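S.K.: Submitted below is the structure of interest, expressed as structure tokens.
The values are calculated or read from the model by the stated rules, or taken from the named source; none is laboratory data. Since we're looking at a predicted model, the values are computed, not measured. Please note: Cβ atoms are built from the backbone with ideal geometry, for glycine as well, and neighbour counts cover all protein chains shown.
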Amino acid sequence: MPLTPEQQEEIDALRATPRQTLRAVSEGMEKHLYTAYPVLDHGFVRVIDYMGDDNAITQAARVSYGKGTKSVSNDEGLIRYLMRHWHSTPFEMCEIKLHVKLPVFVARQWIRHRTANVNEYSARYSILDREFYIPQPEQLAAQSVINNQGRGEALSGEEAARVLEYLKSDAARCYDHYEEMIGQEGQQGLARELARMNLPANIYTQWYWKVDLHNLFHFLRLRADSHAQYEIRVYAEEICRIVADWVPFAYAAFEDYRMGGATLSARALDALRRMLAGETVTQETSGMSKGEWREFETLLSAKG
Ligand SMILES: Cc1cc2nc3c(=O)[nH]c(=O)nc-3n(C[C@H](O)[C@H](O)[C@H](O)COP(=O)(O)OP(=O)(O)OC[C@H]3O[C@@H](n4cnc5c(N)ncnc54)[C@H](O)[C@@H]3O)c2cc1C
């Protein structure tokens, strides 16, 4: 279960006590505030707090550019301009604080994003719950033969059943020993900070994660991308849905220029210009490596 009854009670109470405020409010975000959206089998994402909206971005930009922003008179156009020209600081005026419950192996990827503030559940003080991520059958996939960092087709039949059984029984066994080591009647009990080392990486942890919108977009660009591992991607996709309601203009610009757009090297740009002029450009005449050329072709195809 992603939320305990106590957590749900707390959320209901918070949502039942609205307060008047003079602060900027994003109507789109208010409906998400505190609500926990389930992710994977026991995880969730919920917004604890936020600061700013689309207007906060343009306000900050107008301070820095003054009269210079007159040429872009509407907020949507200005936000698109800022995104297009990599003017990042106005986006840093917005912040979001999330409560995330996620498997430890996902947390290891997530924590690599250093530009956030994190406070994690302490397994030194507290006892971790008996909750493990067990993939759905369609995610129980074989090692990819084309990508060392990815997965291929789903396992099937006896192999799938055996793998699933290993994942479940190993986790259960480790947790049984964890509990046993921490405290049995008549024993001293091993310190929690030591007993936890026996737990597998698919056990769930929780943290508060606060980040500004610029760095959140960077995180989403990398983790909502098809190259990201499925188990972190589903969290990033859930956050994308929330951000789209929070700052609709900024999110639309992000989708257009970052998620849907691409950066071309000078060689790729030259090849493209020559193609548009009617020249048949090949990998050899482009000056690009085989790998670059493959990526360039994919980019120009419908799949890119
Ligand atoms: C598909 C994928 C595969 C990956 N595979 C691996 C892997 O095999 N092994 C591995 O170790 N990692 C891997 N990573 C993690 C990756 O290398 C980055 O560590 C991670 O994505 C965080 O990116 P970041 O440093 O840009 O983000 P953040 O830490 O949020 O930083 C954002 C930006 O701030 C700046 N910045 C932050 N801190 C510093 C600093 N101390 N010094 C200078 N500039 C700083 C940089 O410009 C940085 O881009 C992978 C990531 C992805 C998305």
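S.K.: How about the range 229-243: which of its residues are free of Cβ contacts under 8 Å to residues at least 24 places away in the same chain and touching a helix residue (DSSP H, G or I) at 6+ places or on another chain (Cβ under 8 Å)?
M.R.: Residues satisfying the conditions are R233, A236, C240.
S.K.: Pairs under 6 Å by beta carbon, first residue within 19 Å of N202 (Cα to Cα) in the range 136-158, partner part of a loop (DSSP other than H, G, I, E, B) and within 16 Å of the ligand (Cβ to nearest atom), six or more apart or different chains?
M.R.: Pairs found: G150/S144; R151/S144.
S.K.: Looking at the structure I just gave you, is A107 touching a Leu at 6+ places or on another chain (Cβ under 9 Å), away from the ligand (no atom under 13 Å from the Cβ), among the aliphatic types (A, V, I, L, M) and in the same structural domain as H42 (by TED's automatic domain parsing)?
M.R.: Working: touching a Leu at 6+ places or on another chain (Cβ under 9 Å): no; away from the ligand (no atom under 13 Å from the Cβ): yes; among the aliphatic types (A, V, I, L, M): yes; in the same structural domain as H42 (by TED's automatic domain parsing): yes.
The answer is no for A107.
S.K.: If a residue has to be surrounded by 16 or more Cβ atoms within 10 Å (Cβ to Cβ) and within 25 Å of S226 (Cα to Cα) to count, how many in the range 266-282 make the cut? If you could, list the steps in order and put the result at the bottom.
M.R.: Filtering the range 266-282 for residues surrounded by 16 or more Cβ atoms within 10 Å (Cβ to Cβ) gives 268, 271-272, 281.
Then keep just the ones that are within 25 Å of S226 (Cα to Cα); that gives 268, 272.
Of the residues in that region, 2 qualify.
S.K.: Out of G287, G189, G260, which single residue is more than 27 Å from the chain's Cα centre (by Cα) and exposed (fewer than 15 other Cβ atoms within 10 Å of the Cβ)? Steps first, please.
M.R.: On the way: G287 fails: exposed (fewer than 15 other Cβ atoms within 10 Å of the Cβ); G260 fails: more than 27 Å from the chain's Cα centre (by Cα).
Only one candidate passes the filter, namely G189.
S.K.: Kindly establish whether T285 is within 16 Å of the ligand (Cβ to nearest atom) and either more than 30 Å from H177 (Cα to Cα) or assigned by TED's automatic domain parsing to the domain that holds L98 (or both). Break it down into steps so the answer makes sense when it comes.
M.R.: Details: within 16 Å of the ligand (Cβ to nearest atom): no; either more than 30 Å from H177 (Cα to Cα) or assigned by TED's automatic domain parsing to the domain that holds L98 (or both): yes.
Spelling it out, it is not the case that T285 is within 16 Å of the ligand (Cβ to nearest atom) and either more than 30 Å from H177 (Cα to Cα) or assigned by TED's automatic domain parsing to the domain that holds L98 (or both).
S.K.: Here is a follow-up. Kindly indicate whether V281 is assigned to a strand (DSSP E or B) and of a type outside the set (F, W, Y).
M.R.: Working: assigned to a strand (DSSP E or B): no; of a type outside the set (F, W, Y): yes.
No; evaluated as a whole, the condition is false for this residue.
S.K.: Among the numbered criteria (1) closer than 27 Å to V25 by Cβ; (2) within 16 Å of the ligand (Cβ to nearest atom), which one does A252 miss?
M.R.: Status for A252: all satisfied but (2).
S.K.: Ok, one more. Of all residues in the range 13-47, count the ones that are surrounded by 11 or more Cβ atoms within 10 Å (Cβ to Cβ) and not in a loop (DSSP other than H, G, I, E, B).
M.R.: So the count comes out to 15.
S.K.: Would you check if there is a residue in the range 197-209 being within 13 Å of the ligand (Cβ to nearest atom) and either of a type outside the set (S, T, Y) or in contact (Cβ under 8 Å) with a residue 12 or more places away in the chain (or both)?
M.R.: Step one: filter the range 197-209 for residues within 13 Å of the ligand (Cβ to nearest atom), giving 209.
Pick out the ones that are also either of a type outside the set (S, T, Y) or in contact (Cβ under 8 Å) with a residue 12 or more places away in the chain (or both) and you get 209.
Within the range 197-209 (the criterion being within 13 Å of the ligand (Cβ to nearest atom) and either of a type outside the set (S, T, Y) or in contact (Cβ under 8 Å) with a residue 12 or more places away in the chain (or both)), the answer is yes, since at least one residue qualifies.
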